[in-house]
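Here is the structure we will look at, set down as C-alpha cells.
Where a number appears in this text, it was derived from the coordinates with a stated rule and is not lab data. Since we're looking at a predicted model, the values are computed, not measured. Cβ: placed from backbone, ideal geometry, glycine included. Neighbour counts: every protein chain shown.
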Number of protein chains: 2
Amino acid sequence: MAQYTPPLRDMQFVMHELLNVVDALKQMPAHAEVDADTINAVLEEGGKFAAEVIFPLNQTGDEEGCKLDKTTHEVTAPKGFKEAYQKYVEGGWPALSTDPEYGGQGLPITVNQCFYEMLNSANQAWTMYPGLSHGAYEALHAHGTPEQKATYLPKLTAGQWTGTMCLTEPHCGTDLGLLRTKAEPQGDGTYKITGQKIFISAGEHDLAENIIHLVLARLPDAPQGSKGISLFVVPKFVVNKDGSLGERNKIYCGGLEHKMGIHGNATAQMVLDGAVGTLVGEPHKGLQAMFVMMNAARLGVGMQSLGLTEVAYQNAVAYAKDRIQMRSLSGAKATDKPADPIIVHPDVRKMLLTARAYAEGGRALAIWTAFQIDRELSSTDEAERKEAADLVALVTPIVKAFLTDNGWIATSHCMQVFGGHGYIKEWGMEQYVRDARINMIYEGTNTIQSLDLLGRKVLADNGAKLKKFGKIVQAFVEEEGVNENMQEFINPLADLGDKVTKLTTEIGMKAFQNPDEVGGAAVDYLRVCGHLVFAYFWARMAKVALAKVDSGDPFYKAKLITARFYFAKLLPETASLIRTARAGVKPLMEMDEALF
Amino acid sequence: MAQYTPPLRDMQFVMHELLNVVDALKQMPAHAEVDADTINAVLEEGGKFAAEVIFPLNQTGDEEGCKLDKTTHEVTAPKGFKEAYQKYVEGGWPALSTDPEYGGQGLPITVNQCFYEMLNSANQAWTMYPGLSHGAYEALHAHGTPEQKATYLPKLTAGQWTGTMCLTEPHCGTDLGLLRTKAEPQGDGTYKITGQKIFISAGEHDLAENIIHLVLARLPDAPQGSKGISLFVVPKFVVNKDGSLGERNKIYCGGLEHKMGIHGNATAQMVLDGAVGTLVGEPHKGLQAMFVMMNAARLGVGMQSLGLTEVAYQNAVAYAKDRIQMRSLSGAKATDKPADPIIVHPDVRKMLLTARAYAEGGRALAIWTAFQIDRELSSTDEAERKEAADLVALVTPIVKAFLTDNGWIATSHCMQVFGGHGYIKEWGMEQYVRDARINMIYEGTNTIQSLDLLGRKVLADNGAKLKKFGKIVQAFVEEEGVNENMQEFINPLADLGDKVTKLTTEIGMKAFQNPDEVGGAAVDYLRVCGHLVFAYFWARMAKVALAKVDSGDPFYKAKLITARFYFAKLLPETASLIRTARAGVKPLMEMDEALF
C-alpha cells in the first residue's frame, strides 16, 4: 500500500545548487574526477535499488521479524532480506565510499550519505545490516593493524562479511565505564573474550557468510572505569591465514529482543564464551577507537530518521490528496465530489509542511555534514581539514538528536493525517512511528547528544567550534543583509544567532557555579541550535529559490513556500526553548528523590 | 515487570482539599448522602480491582490480541479478559454512577471518573469493553423510548450486556454526513439496517452475553448530508418481550483490525445485513443524539491518556531510582555504588516531572470537569446547571485533545528514561506509547477537537463560554493578587489569561475575513487554552499546598515543587504557540496542492 519515490531532485538541488559540492571536490585529488553526472547517475541507480528491491520488504519484514534457532544459535532474517542483500553486494553498493586500497570505489561520503537516506526511507530494519558494517570498517580502517586491515577490510568492502558494534551490557549502556566483559591474553597475540552483550543490532543473521564483531572488553590489568576499556575484533568464524573461514568462534546469539519496531533487524543478546579476538588500537584506549564508529553511527542514525520523515511525508501527501472528508471552511473546493480532499484543511497542511520542512532542512544539513567529512578526509589543505573536522564534531550531536526528534514529530504527524487508518498496520504509517522511536535512543540517547553538544563541543572549548559555525552564519547574514527580498529570512536568522550566543554565555556562567546547569539546559539548548542550523540552511535555500523562482520550474516555488512555512511555524519553537533553558536547573533538582 | 499503585491520595486531594466536592454534593438531593468516607472507600476498592484484577492482564493482552473465528464471526478476547469482566460485573462496578431507576448506584460522575482513570492505568484495552457501554447507556437514557429504556438500561447497568458506537464507515470518519448505511422501515416499528461499519471498538467479543450497538444510518427519505442521519439501537441478539435473548441479529464481525496498540480490544469491521433495530430519538436527528455519546466518550478518552500518563510515570520513577549509570555532573551522589541512580541527572528529572505535572494537572482538570457534570445533572438551581453545562462544553475538547497530546509526550518521555530497555516489550513502556497514540485520533481527531473549541465553543457564541471560565480565573487572580507567596503562580496565570483574551479577539477578527484562519490557528489555540486551564489548577493546587507545606506531610512539598516545575518548564510552551497561532493561515495555504 505504501509508496516511495527517491527525492533525487532535492538531493541534486542541495549538492549542486546549494553547496556546489563538485567544484570543491575537484580540488581534492581523491575526488578530482567526480562530476555531477556521475553523482546523479549513481544516486538514480541507488534510488532504484532502494525503491524496487528493499522497499517492498519493509512491511513484510515488520510483520515477520527475525527468528532464532536456539539449538544452532542462528538467526534467520525475514523473507527476502538475504536475497536483497545479495543484490546489494552484487551491485557493489557496500564499496561506494570505501577506500580503493581495499577494493572500494572511493566516491565521496556525500554520495553514500544520500544513498543511505534512500535505503532508510525504503527499509530501516534491512538497512541496519549493511549500515553497521560501515562502523566496523571505519574503526578497523583508522585503528587496525596492517594484518587486521588486510584480513577484514576487503571483505567488509565487498559486503561478503558484515560488522557490528558490541558495546552495551545488561547493566550498562550510556555508562560504558561499568562494563565487565573480560579479555585474557593468550600469549600468541590473541585474546579470549568472555562476557555478555545486549542490544547488538545485526548481531546474528543469515545475510552474510561472516560477521565481524567489534567488542569492548577489559584486559586483566585494566584500570577501573572508562580508561580501562580496550577494543577487540572478534569474528563469528575465525579467519584462517589464507582468508578462508575457520572454526566457529565462541560468540553466539543467546536471544533476540522483542521490540516496538525495527522488527526486521535482529537485536541480539550476544554471549562471548572465550571467543578469540585481536586487539584493535592500543590497550585501554578502546573508547577512543570506538568513537570513530560511534560518530559515523550517530550521523547514520540521523539518516534513519531523515529517511523515515521523507517516506512518511510522501505517503501522507498522497493520502491527503486522495481522501475526501468535510468541506473547506472557506467554501467547497472539489464541487464535483461529495467532500473536499483533506489537503484543503489548514491543519492537515500544517502537519504535511512540518514533515516536509524537517525532511528538506534535514537533508540540507545532512549533505552539508557529509560534505564536511569529505573535506576533512580529502582536502589537501590542513587548515581546511581541521575546520571541517571541528564543524563535523559540532553538528554530529545535532544531526543525531535534532533529526531524530524531528523524525518522531513528523512521522507521528503523517500518521495523524490518516486518522484511524494511520493506526492500523495496513497503511504502513504506524510502522514509521515505531521504527523512528529507537533513533532517539540508540547510539547515545538524545539527552547524551545534548550533553555532548553543550558540555563537550561548546563549553569545553570555550565556544571555539560554535564560533566557527557562527562565523559562517554571520558572513551569510552580512552578505544578504542588503537584499530586501531576503529580509524575511535573514532577520530571524540573525536574531536567533544573537540569542544563541547570549544563551551560551549565560549557561556557561551558571555552569561555572553549578555543573548541573549543563544537564538542566542541554536538551533545550540542542534544539535551539538545531533551529539555528536549520534557519541558516533554509535561508540559503530560499536565496537560491528566490533567484530561480521565475524560471517556471515549480520546484523553486515550493522550496520558497516551504522556507516561509519553516520561519513562520517551526522556528518560533525557539521562543519557548530559550525560556525553559534559561529557567535553569533549580526547578528540576528541588524535589527530593523520595518525593518522586 | 510493570507496577501500578492507584493514586488515591492525589485523587482525595483534588476532591476534598482542592474542590471540596462533598460540600457541594450535599446540596444536591441525588447526592445528599454521599460523604468523603464513602467516596474514598469506593475508590480504594476500585483501585484494588484495577491493580489486582486487570493490570496483570495488560501485557499479556497486548501480546495475545483478539481472535476472530471467521466461520462463527465470534471474537475471543485475550486470556483472562472474560473472567476479569465477570468480576467487574459481580462487584457492581458497571452501576457505579448510573440511574437508580434502572438499578444503578447513583454515585456522582466524579467518582466514576476517578475509577476510570485507574482502570485505564491498569489496562486501556480491557477498559474499553465496559467503557463503551457508558456511551450506549447515555444515549438511550437521554433519547430512548420508555420501552427501549426498560429493555436495555437495566442490562447495561448490570453489565450483563455491553454497548458500542457504530459511526465510522470505510469512506467516512470525521465527515459523518457521507455515511451510507441504510435503514428500511418494516412497518412494525422496526427497521432493517444494511451497511458496513469499521473501527468499532469492542464491536464483538465474548465478555458479555449480548452487545447493544448504537448505529447511525439513513432512512429512505433522508436528506443528504449530516441532517439525514438517524440513530438506531441494534442488539447482537434480538431481545424478546420478556427480556430473554432471541435470535442472532444480522450484525456480525467481518474482520478485526491489526493495530499499533490496544491489541486487547477488538476493533471490529461490522457488517449489517438487514439487521433489525429500532429508532432512537427523532428521525434524521441521529447526530444530535449521538453527540450525547460522543461527549461522554471524549472525556473518557482524556481519562485513557491520563491513566497511561500516571502508570508510565510510576514505572519510570521506579526505574530511575534503581538504574545506576554515570555520575552526577555536580559530584557523585551514591558513593557506595559504582555509579549514581539516573534520577540524579537533570534531564531524567525533567522527563519524570513533565509526566508528573501532566498527570496531576490532568487529574485536577478531569475531576473538576466530572464535578461540573454532576452539577449539570443534579443541581437544583437552573442557573447553576446551565453554567456547569457551558463549562463542560467548553473544556470537553481540551480534556480530550490536551490530555491525549500530553499523554503522548509523557509516555514517550517515560519510555526514554528506560533507554534501550524502554524500546523492548519486556518492560511494558513501549506499550504505553503505542496505546496512547490512538487517543489522539479516535472520538474526533485532536484537530477536530481544536476546531470544536475555537470554532464552535468560543467564536460561535462570541466567547461567552470562554468568558465564564475567564471569570473564574479572574476571581482567583484577584483573590490571590495580594498574597505575596502566590505571586510566582498568579502573575504568569494572569498574564496568560490576558494573552488568551487578546489572541481570541485577533483570531476572531481574522476569521471574519477568512474562515480558514480558524483552521490555521485552532490546534495551537487549544494548546494555549489547555495551559491556561492547567495554570489555573496548578496555581490553586499550589495555594492549598502552601497552606499545608509546614504540616510535615511531604505530599504538600512535592505538590508545590511540581507546581513550580510546571510554571518554569511547561507553561512557557505558550510563548511559541501564541506566535505560531498569530502567524496565521497564509503560510499553510500558499502551496498549491500540486506542489506538495
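Computed per residue of the protein assembly as shown from DSSP H runs no shorter than four, each worth -39500 (n - 2.57), the mean residue ellipticity at 222 nm is -18000 deg cm²/dmol. Relative to the longest principal axis of the Cα atoms of chain B, the long axis of helix B:36-48 lies at roughly 80 degrees. Relative to one another, the C-alpha centroids of the stretch A:1-42 and the stretch A:501-542 are positioned 31 Å apart. Of all beta bridges that DSSP places with both ends in chain A, some 80 percent have antiparallel geometry.
Within a 10 angstrom radius of each residue's Cβ in B:422-432, how many Cβ atoms of other chains show up on average? Whole number is fine.
Values: counts 6, 13, 8, 4, 3, 0, 0, 1, 7, 1, 0.
Per-residue shielding by partner chains comes out at 4.
Would the stretch B:403-484 count as rounded, prolate or oblate if I go by the C-alpha gyration tensor, calling it rounded below 1.5 in a/c and otherwise prolate when a/b exceeds b/c, oblate otherwise? Since a/c reaches 1.5 but b/c is at least a/b, the shape of the stretch B:403-484 is classed as oblate. Here the peptides A:29-36, B:125-132, B:389-396 are ranked by packing, the mean other Cβ count within 10 Å, and the order with the highest first is B:125-132, B:389-396, A:29-36.
Peptide packing for A:529-537, A:378-386, B:41-49 was compared via the average number of neighbouring C-beta atoms within 10 Å per residue; ordered from the highest value, the list is A:529-537, B:41-49, A:378-386. Between B:Gln224 and A:Gln513, the modelled labels are 6.9 nm apart [label points 7 Å from Cα along Cα→Cβ].
Among A:Pro223, A:Leu207, A:Asn240, whose Cα projects farthest towards the positive end of the dipole of the stretch A:198-243, with charges put on the beta-carbon of Lys, Arg (+1) and Asp, Glu (-1)? Going by the Cα projections, it comes out as A:Pro223.
Out of the DSSP beta bridges found with both residues in the protein assembly as shown, what percent are antiparallel (nearest 5)?
On the way: 70 of 86 bridges.
About 80 percent, rounded to the nearest 5.
Relative to the longest principal axis of the Cα atoms of chain A, helix A:573-582 runs at roughly 60 degrees.
Per residue, what volume in Å³ does the convex hull of the Cα atoms of chain B enclose?
Details: hull volume 103.6 nm³, N = 596.
Given the Cα convex hull of chain B, per-residue volume reads 174 Å³.
Which net charge results when you count Lys and Arg as +1 and Asp and Glu as -1 among the other residues whose beta-carbon is under 13 Å from that of B:Gln474? Mind showing how you got there, number by number?
Details: positive: B:Lys467, B:Lys468, B:Lys471; negative: B:Glu478, B:Glu479, B:Glu480, B:Asp495, B:Asp498.
After counting each charged neighbour, the total is -2.
Looking at the square roots a ≥ b ≥ c of the eigenvalues of the Cα gyration tensor of the stretch B:15-167, which shape do they give, rounded for a/c under 1.5, prolate if a/b is larger than b/c, or oblate? Taking the square roots of the gyration eigenvalues as a ≥ b ≥ c, the stretch B:15-167 is oblate.
Need the C-alpha centroid separation for the stretch A:422-482 versus the stretch A:260-282, integer Å. Here the two parts' Cα centres lie 28 Å apart.
When the chymotrypsin sites (Phe, Trp or Tyr not before Pro) in the stretch A:90-122 are filtered for DSSP coil states and for at most 16 other beta-carbon atoms within 10 Å of their beta-carbon, no site remains. Here's how it looks for A:Lys259: its modeled amide H is under 5 Å from those of B:Lys425, which are all 5 or more places away or on a different chain.
Counting charges near B:Leu272 (Lys, Arg +1; Asp, Glu -1) among other residues having Cβ under 10 Å from its Cβ returns a value of +3.
Give the calculated FRET efficiency between A:Ala460 and A:Glu484 to the nearest 0.05, with a Förster radius of 35 Å applied to their Cβ-Cβ distance.
Values: r = 41 Å, r/R0 = 1.17.
Efficiency, from the Cβ-Cβ distance: 0.30.
Each other residue within a Cβ distance under 11 Å of A:Ile262 adds +1 if Lys or Arg and -1 if Asp or Glu, for a net charge of 0. Overall, the anisotropy analysis places the stretch B:162-284 in the oblate class: the square-rooted eigenvalues a ≥ b ≥ c of its C-alpha gyration tensor yield a/c not less than 1.5, with a/b not exceeding b/c. Placing dummy labels 7 Å off each Cα toward the beta-carbon, the span from B:Glu506 to A:Thr71 is 7.1 nm. Each of A:Leu68, B:Ala558, A:Asn462 was placed along the dipole of the protein assembly as shown (beta-carbon charges, centred on the mean Cα), and the one lying farthest toward the positive end is A:Asn462.
Per-residue mean of foreign Cβ neighbours for A:562-569 is 5 (Cβ atoms of other chains, 10 Å radius).
Per residue of A:251-263, how many C-beta atoms from partner chains lie within 10 Å of its own C-beta, taken as a mean? Kindly include the intermediate steps, with their values, before the conclusion.
Numbers: counts 0, 0, 0, 0, 0, 0, 6, 5, 6, 12, 4, 1, 0.
Mean number of neighbouring Cβ atoms from other chains: 3.
In plain terms, the chain from B:Lys82 to B:Glu44 could stretch by 11.4 nm, reckoned as 0.36 nm per residue minus the Cα-Cα distance.
Spacing of the modelled spin labels on B:Gln474 and A:Asp381, each 7 Å from Cα toward Cβ, amounts to 6.5 nm. Between amide H atoms placed 1.01 Å from N, distances below 5 Å from B:Ile198 occur with B:Thr168, B:Glu169, B:Met270, all of them 5 or more places distant or on a separate chain.
Which loop chymotrypsin sites (Phe, Trp or Tyr not before Pro) in the stretch A:386-418, with loop taken from DSSP, have no more than 12 other Cβ atoms within 10 angstrom of their Cβ? Can you show the working numbers first?
Details: sites: A:Phe402, A:Trp408, A:Phe418; in loops: A:Phe418.
Those that pass, being in a loop and sparsely packed, number zero.
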